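Inspection log for the structure reproduced underneath, given as structure tokens.
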Amino acid sequence: MKIHFYKYQGTGNDFILIDNRNNTFPKKDVKLIQKLCDRRFGIGADGLILLESSEKSDFTMIYFNADGSEGTMCGNGGRCIVAFAKQLNIIGKETTFVAVDGLHFASIKNDSVNLQMIDINTVEEFENYSFLNTGSPHHVCFNDNITNINIKKLGSKIRYGAPYFNEGTNVNFAEQISENSFKVRTYERGVEDETLACGTGVTAVAIAANKLNKTKDNTINIEVLGGHLEVSFKREGNSYTNVFLKGPAQFVFEGNITI
């Protein structure tokens, strides 16, 4: 079987994109997805995304983690599939599409995609961290110097520990660098390592920072290992609406792989 694929990246968070409107990709083949995402024996990616048809929007996004499991929402993946849909001439400058967490609106200009995320009504605050779901679950802790943290070691410990255990969580380490700017490093479940960026993660950090009164701004600049992202929102009491994740989504290459 020959698979035609496209490779995209959003601030270093990279994905295999496949046009599956004909429903020929074997979605239940976990080992195949693992192999395709493997950086030594496959194409190499943080995740694999299928673009499928939708009756109520422009397309449907199906996301798989690099470990082959079907994932929750992926913000950078969502931005990349919008750029992919434009390359396929499915959409123009704006789109709505369905993902695992519901309907999303997005706009694209050049290589920049502005993606609307889900509304956030609950931010749980604990002594040393916050927890919220931005389409995927996120543990957020603020530190003075995240450069020196062993993200894989500490992130893995938190990801598998109480209260998360087997279901797990993504883990974000954030450092404030100005009134409305933060550095963020993320350990992603499903990848089981640090990634160069995490869209739902930086969204979680921006909202947690506002909720904890670390910033009063509603447009937050985020520096990740793979570049820069912007999160904006409207706060109404303890609820966050009109949440948008903005940043680059770039085509890398396309090709065929025989399996």
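The values are calculated or read from the model by the stated rules, or taken from the named source; none is laboratory data. In this text the structure is predicted, and so the values were computed from the model without any measurement. Note: ideal-geometry Cβ built from the backbone for every residue, glycine included; neighbour counts use all protein chains shown.
Please count how many residues of the range 160-176 are within 18 Å of ALA208 (Cα to Cα) and either modelled with pLDDT under 95 or surrounded by 19 or more Cβ atoms within 10 Å (Cβ to Cβ) (or both).
Residues flagged as within 18 Å of ALA208 (Cα to Cα) and either modelled with pLDDT under 95 or surrounded by 19 or more Cβ atoms within 10 Å (Cβ to Cβ) (or both) within the range 160-176 amount to 6.
Mind listing whichever residues of the range 202-259 are of a type in the set (S, T, N, Q), farther than 20 Å from ASP119 by Cβ and outside any strand (DSSP E or B)?
If the condition is that a residue be of a type in the set (S, T, N, Q), farther than 20 Å from ASP119 by Cβ and outside any strand (DSSP E or B), then ASN213 is the only one that fits.
Cβ-Cβ distance below 8 Å, separation of 6 or more or different chains: which pairs start in the range 208-228 with a residue that is closer than 13 Å to SER178 by Cβ and end on one that is of a type in the set (D, E, K, R) and buried (at least 16 other Cβ atoms within 10 Å of the Cβ)?
THR219/GLU230; ILE220/GLU230; ASN221/GLU230; ILE222/LYS183; ILE222/GLU230; GLU223/LYS183
Just to be sure I understand, how many residues within the range 22-54 are surrounded by fewer than 15 Cβ atoms within 10 Å (Cβ to Cβ), under 29 Å from SER112 (Cβ atoms) and not small (Gly, Ala, Ser)?
1
Between ILE90, ILE146, ILE62, ILE81, which is more than 23 Å from ALA209 (Cα to Cα) and free of Cβ contacts under 8 Å to residues at least 40 places away in the same chain?
Going through ILE90, ILE146, ILE62, ILE81 in turn, just one is more than 23 Å from ALA209 (Cα to Cα) and free of Cβ contacts under 8 Å to residues at least 40 places away in the same chain: ILE90.
Which of the residues belonging to the range 207-259 are over 30 Å from ILE3 (Cα atoms), over 22 Å from the mean Cα position of the chain (by Cα) and not basic (Lys, Arg)?
LEU212, ASN213, THR215, ASP217, GLU236, GLY237, ASN238
Name the one entry in SER130, SER107 that is buried (at least 18 other Cβ atoms within 10 Å of the Cβ) and among the polar types (S, T, N, Q).
Of SER130, SER107, the one residue that is buried (at least 18 other Cβ atoms within 10 Å of the Cβ) and among the polar types (S, T, N, Q) is SER130.
With respect to ARG159, is the statement that it is assigned to a strand (DSSP E or B) and of a type in the set (Lys, Arg) true?
It is false that ARG159 is assigned to a strand (DSSP E or B) and of a type in the set (Lys, Arg).
Can you report the number of residues in the range 185-196 which are of a type in the set (Val, Ile, Thr) and either surrounded by fewer than 23 Cβ atoms within 10 Å (Cβ to Cβ) or assigned to a loop (DSSP other than H, G, I, E, B) (or both)?
1
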